[in-house]
1. Can I get the semi-axes of region 119-172's equivalent ellipsoid? Compute them from the C-alpha gyration tensor as square roots of 5 times the eigenvalues, in angstrom, largest first.
2. May I ask for log10 I(q)/I(0) of the chain at q = 0.14 Å⁻¹, from a Debye sum over the Cα atoms as equal point scatterers with solvent left out?
3. Out of the total accessible area of the chain (probe 1.4 Å, heavy atoms of protein only), what percent is carbon and sulfur?
4. Could you work out which residue, out of Leu215, Leu85, Leu150, moves most in a Gaussian network model of the chain, that is, has the largest mean-square fluctuation with Cα springs under 10 Å?
5. Ignoring the sites themselves, what is the longest stretch of the chain with no GluC sites (Glu not before Pro) in a DSSP loop and at most 16 other beta-carbon atoms within 10 Å?
6. Under a crude label model (7 Å from the Cα following the beta-carbon direction), how far is Asp120 from Met65 in nanometres?
7. Between Lys190 and Arg274, what is the label-to-label distance in nm when each label sits 7 Å out along the Cα-to-Cβ direction?
8. Which lysines have a Cα lying under 29 Å from the Cα of Lys91, excluding residues fewer than 8 positions away in the same chain?
Amino acid sequence: MNWLTNFVRPKIRALVRKSDIPENLWEKCPACEQMIFHRDLEANAFVCRHCDFHMRLTAKARLAMLFDDGDYQRIELPKVPLDPLRFRDSKRYPDRFKEGQARSGESEAVVVAHGRMGGDGVVVAVFDFRFMGGSMGTAVGEGIVSAARLAVLQEAPLIILPASGGARMQEGLLSLMQMARTTVAVDEVKEAGLPYVVVLTDPTTGGVTASFAMLGDITFAEPGAIIGFAGRRVIEETIRESLPEDFQRAEYLLEHGMIDAVVHRHALRDTLIRVLDLLRRPGPDAEVVELPKPDLEIPTPALIEGEPADPAPES
Ligand SMILES: [Zn+2]
């Protein structure tokens, strides 16, 4: 009997077990609610084919998309003490931490990697939102500092792609201190004369927006990404006014001069390569030849006739 239950039954079970079909074969677009085949979605960089909605990416997918041939090396991030405040809300912080690790498959909310992009070396730090909402605790701060130091060491540009709800409340003041630390860290990159580029992805909020995420030499954002400090509801309740529909969206920020460009995910890698190339090699490749000046008379601003000014109001 034992032989039957212990040996034969598992064998038969293994034979009839379903083959390895991923459970999430279909995914629903959060914007247009169309069902999309997972493989199609992956082939399209997780951009909806129907409405162009940019879905959130894992750190792994993000890195594979950016580096040449998807080839990169991760660096190990410094270990920091976990749960220094013995914080507990509805769950203990270590439990939430483990959940984050299980959900994302990452050891922390930030991943730092280096490799080549367009043939030149770059250092990239990317957030995984599935890990406790990409929140910035001491370890994430260490991650950004490590990324910045590595960039300086390798004389390579630094690219950061945040996706974060802000500071990690479970670490209280220690997480707020990371705002200052990361600011100083990216400053070291700038002082070394190296480009620092930020790609704001959905969502970038709170203490991350209020520190390194808004300090890029060049700041890009993905279409439709939510970027802000306080949440929309909090602001509406504070100022007792309703906010415009596209408030805190990438396009709204572009219109208001907060970012340099909104870049489609399909064009992101090429755009980054082009911009880094311009920043690293500001001079032209060939000798500059002076063009013959066109024989045009350029009016000075004073000569340009405009609309007559409104007559002064009669008193
Ligand atoms: Zn869609």
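1. On the way: eigenvalues 116, 29, 7 Å².
Equivalent ellipsoid semi-axes, largest first: 24, 12, 6 Å.
2. -1.11
3. On the way: 10590 of 19330 Å².
About 55 percent, which is the carbon plus sulfur part of the accessible surface.
4. Answer for the Gaussian network model of the chain: Leu85.
5. Numbers: sites that count: Glu23, Glu33, Glu76, Glu155, Glu241, Glu245, Glu287, Glu290, Glu297, Glu305, Glu314.
Counting at most 16 other Cβ atoms within 10 Å as exposed, the longest clean stretch of the chain is 156-240.
6. It is 2.3 nm.
7. Once both label points are built, they end up 2.5 nm from each other.
8. Lys60, Lys79
The values are calculated or read from the model by the stated rules, or taken from the named source; none is laboratory data. From a predicted model like this one, the values you see are computed outputs, not experimental measurements. Note: ideal-geometry Cβ built from the backbone for every residue, glycine included; neighbour counts use all protein chains shown. Please note that ligands, DNA and RNA were not included when accessible areas were found on the heavy atoms of the full protein model with its side chains. Shrake-Rupley method; radii C 1.70, N 1.55, O 1.52, S 1.80 Å.
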